[in-house]
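*Asks:* Next up is a structure, given as structure tokens.
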């Protein structure tokens with residue numbers, strides 16, 4: 001699966017200092033903690049809507065999701081993150097009923113652009129084939 005999100009509206013930005021801290025907070029509080037309200041603090045207004053449309057349904061399908069940060073590398077405004085994702089399928093996902101099965105340690109790589117303390121772009125690759133195989137829903 002490839003996910004690409006962009007935002008041109010950079011109004012109402014906040015300064016969070018180290019760009020890696022923005023990504024860490026997104027993983028810890030939003031993905032792992034389920035705090036969707038924090039999205040508005042971490043993303044630009046346009047990106048927040050896009051992020052919410054992706055993250056909210058995923059967390060409904062996999063409410064116990066755990067994203068492990070393996071690597072975070074920053075250069076200027078860009079942060080590259082390598083993650084391992086584990087979760088149990090307890091809600092509908094991709095049009096399929098929940099399997100109740102768990103996937104473990106699925107590799108994901110994302111590139112984030114951070115400007116003035118907010119995520120303005122995100123692009124990623126996920127090993128969806130391995131995730132589907134572990135869930136028993138391969139096509």
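The values are calculated or read from the model by the stated rules, or taken from the named source; none is laboratory data. The structure presented is a predicted model; accordingly, all values stated were derived computationally and were not measured. With ideal geometry, Cβ positions are generated from the backbone for all residues, glycine too; neighbour counts draw on all protein chains shown.
*Asks:* Please verify whether the range 5-19 includes one or more residues that are out of contact with any strand residue (DSSP E or B) (no Cβ under 7 Å at 6 or more places or on another chain), assigned to a helix (DSSP H, G or I), buried (at least 17 other Cβ atoms within 10 Å of the Cβ) and modelled with pLDDT of 95 or more.
*Replies:* To start, the set of residues in the range 5-19 that are out of contact with any strand residue (DSSP E or B) (no Cβ under 7 Å at 6 or more places or on another chain) comprises 8-9, 11-12, 15-18.
After this cut, where a residue has to be assigned to a helix (DSSP H, G or I) as well, the list is none.
Among the residues of the range 5-19, not one is out of contact with any strand residue (DSSP E or B) (no Cβ under 7 Å at 6 or more places or on another chain), assigned to a helix (DSSP H, G or I), buried (at least 17 other Cβ atoms within 10 Å of the Cβ) and modelled with pLDDT of 95 or more, which makes the answer no.
*Asks:* Same structure, new question: For residues that are crowded, with 17+ Cβ neighbours inside 10 Å and either within 13 Å of the chain's Cα centre (by Cα) or not in a strand (DSSP E or B) (or both), tally how many sit in the range 87-103. Spell out the reasoning first.
*Replies:* Going residue by residue through the range 87-103, those that are crowded, with 17+ Cβ neighbours inside 10 Å are 87-89, 93, 103.
After this cut, where a residue has to be either within 13 Å of the chain's Cα centre (by Cα) or not in a strand (DSSP E or B) (or both) as well, the list is 89.
Here the count works out to 1.
*Asks:* Let me ask something additional. Among the residues of the range 40-64, how many are more than 15 Å from residue 122 (Cβ to Cβ), in contact with a helix residue (DSSP H, G or I) (Cβ under 7 Å, 6 or more places away or on another chain) and crowded, with 17+ Cβ neighbours inside 10 Å?
*Replies:* 0
*Asks:* Now a separate question. Determine if the range 111-121 includes at least one residue that is outside any loop (DSSP other than H, G, I, E, B), surrounded by fewer than 16 Cβ atoms within 10 Å (Cβ to Cβ) and within 14 Å of the chain's Cα centre (by Cα).
*Replies:* Yes, the conditions are met somewhere in the range 111-121.
*Asks:* Scanning for something over 16 Å from residue 23 (Cβ atoms), in contact (Cβ under 8 Å) with a residue 12 or more places away in the chain and out of contact with any helix residue (DSSP H, G or I) (no Cβ under 7 Å at 6 or more places or on another chain), does the range 69-78 turn up at least one residue? Walk me through how you get there before you give the answer.
*Replies:* Of the residues in the range 69-78, the ones over 16 Å from residue 23 (Cβ atoms) are none.
No, there is no match, as no residue in the range 69-78 is over 16 Å from residue 23 (Cβ atoms), in contact (Cβ under 8 Å) with a residue 12 or more places away in the chain and out of contact with any helix residue (DSSP H, G or I) (no Cβ under 7 Å at 6 or more places or on another chain).
*Asks:* Out of 71, 37, report the one residue that is assigned to a strand (DSSP E or B), surrounded by fewer than 16 Cβ atoms within 10 Å (Cβ to Cβ) and more than 11 Å from the chain's Cα centre (by Cα).
*Replies:* Numbers: 37 fails: assigned to a strand (DSSP E or B).
Just a single option satisfies the conditions, and that option is 71.
*Asks:* Look through the range 40-68, keep the residues that are assigned to a strand (DSSP E or B) and under 18 Å from residue 20 (Cα atoms), and return whichever of them is nearest to the chain's Cα centre (by Cα).
*Replies:* So in the range 40-68, the residues assigned to a strand (DSSP E or B) come out as 43, 66-68.
Then drop every residue that is not under 18 Å from residue 20 (Cα atoms), which leaves 43, 67-68.
On the way: 43: 12, 67: 9, 68: 11 Å.
Here the residue is 67.
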